[in-house]
Ligand code: GLN
């Protein structure tokens, strides 16, 4: 069923970079055989799951939606992919994304844009746009995205689904092609909170091959969803959000409405402040490109990635430099090149103190704001995005406009916190609106419990 739905929607939505029909059918057959033999089945037995094309899969290509990795087939599975297989899930294919996860609209993909199933003139968001769109289109019930600065939550909001960025380190990054290693996190996307909880249970946990993976007990997230009694829970509302110029009034109204819903369930609404929130976007757009420029240096056409077939043997810099330059010029798209240039500049001698070190200091202040806020509140409520899904083509020529899509999401990445995007109605054009809840590190259970009570 999932395969035929993908077939019906692929031309109009383009959510997938690769559909693994054969492997999926084989996997489903294996589950059936296990079931017939009375063997114990994993918690995702037979469930089709789509995987963002930045996660390594040994039996499918992994392109990061880049020409650079167009022909890359990893020799191993990412930990989250192994865990899906161990849970008897059926991996149905790889989803389209912004190239190397850099973007907020899936328009920087080298393999064509993904469209929003609610309105195909609009973006599904990004960078996990394909992962959000295939769930919203009803093709698959679950998908895996990644979130470096909002790439799970923003597309979830634009597509009217639920998406969660877990605590940094809660889910292993082993086999996730790195964008910004100190910010990247894999997470679940689905229609509902119980489905997100189930998928998180399947993928979370310690991975000894990942030095930033947390060696902490993984609770049974589904178990916390039973009650809807929020008495005693303090929910902090970010009032700066309401004052930020340019935010869609329908989104502010949805956040206020959500606060009332939580209140009616017994939660106490408290006002909190995050004084350095105006520095979130500038800090993120120094740190993320710095880490990206370093991570992407491996794609040189020799060790990894596309290699040019037009080396200039007479180049004044020699054929090796020519091969390197041409391979990278041909393999990377313009947004990736912009990030590499910004990152290289901000890390270069004489500028590193001024930009990179400074950004790390501000990052600590941002983290401090959250620590203080969580002294007064158990969860924070706010918007996910300043607008609902925008039209394809509207922001792609203007990077600053695109970067401002991340206004409310990058804080959780800079501080390493878990955060969830929940559908909360539609705007006047029928496009979905998302609201965001954020929790202290490792408090995914609290986040899911409150999110489920709202849903
Ligand atoms: N939009 C942000 C960026 O372009 C976030 C991307 C992400 O979370 N992968 O960097």
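Nearest 0.05, what FRET efficiency do residue 357 and residue 37 give at R0 = 60 Å with Cβ-Cβ as r?
0.50
Going by average Cβ density within 10 Å per residue, which order do the peptides 33-44, 212-223, 118-129 take, highest to lowest?
Peptide ranking by packing, descending: 118-129, 212-223, 33-44.
Decide, for the chain, between rounded, prolate and oblate: order the square roots of the alpha carbon gyration tensor eigenvalues as a ≥ b ≥ c, take rounded if a/c falls under 1.5, and otherwise choose prolate if a/b is larger than b/c, else oblate.
Here the chain falls in the oblate category.
If neighbour count is taken as other Cβ atoms inside 10 Å, put 224, 54, 81 in order from fewest to most.
224, 81, 54
Full extension from residue 210 to residue 334: what is 0.36 nm times the residue separation minus their Cα-Cα distance, to one decimal in nm?
Extra length from residue 210 to residue 334 when fully extended: 41.6 nm.
Sorted from fewest to most neighbouring beta carbons within 10 Å, what does the list 316, 291 look like?
Least to most surrounded, the residues fall as 316, 291.
What Kirkwood Rh does the stretch 180-251 have if only Cα atoms enter the pairwise 1/r average? Answer in Å.
After inverting the mean inverse Cα-Cα distance, the result is 16.1 Å.
May I have the extent of the alpha carbons of the stretch 343-455 along their three principal axes, as whole Å values ordered from largest to smallest?
51, 41, 17
What FRET efficiency do you get for residue 76 and residue 264 if R0 is 41 Å and r is their Cβ-Cβ distance, rounded to the nearest 0.05?
0.25
For residue 227 and residue 11 in the same chain, what is the full-extension length gain: residue separation times 0.36 nm, less their Cα-Cα distance, in nm?
73.6 nm
Please report the relative contact order for the chain, taking Cα pairs under 8 Å with a sequence separation of at least 6, and give it as a percent rounded to a whole number.
RCO, the chain: 18 percent.
Apply 1/(1 + (r/R0)^6) to the Cβ-Cβ distance of residue 120 and residue 298, taking R0 = 41 Å, and write down the FRET efficiency to the nearest 0.05.
0.70
Between the stretch 306-363 and the stretch 239-283, how many Å separate their Cα centres?
Answer, in whole Å: 39.
How would 168, 351 line up from fewest to most surrounding beta-carbon atoms within 10 angstrom?
351, 168
Run the numbers for residue 312 and residue 429: contour at 0.36 nm per residue of separation, minus the present Cα-Cα distance, in nm.
Separation in residues times 0.36 nm, less the Cα-Cα distance, equals 36.8 nm.
Please say if the stretch 2-225 is rounded, prolate or oblate, where rounded means a/c under 1.5 for a ≥ b ≥ c the square roots of the C-alpha gyration tensor eigenvalues, and otherwise the choice is prolate for a/b larger than b/c and oblate otherwise?
rounded
Hey, what's the per residue convex hull volume over the C-alpha atoms of the stretch 192-303, in cubic angstrom?
212 Å³
Each value in this text was obtained by applying a stated rule to the coordinates, not by laboratory testing. Note that the coordinates shown come from a computational prediction; the quantities given were computed from them, not determined experimentally. For neighbour counting, all protein chains shown are included, and Cβ atoms are generated from backbone atoms with ideal geometry for every residue, glycine included.
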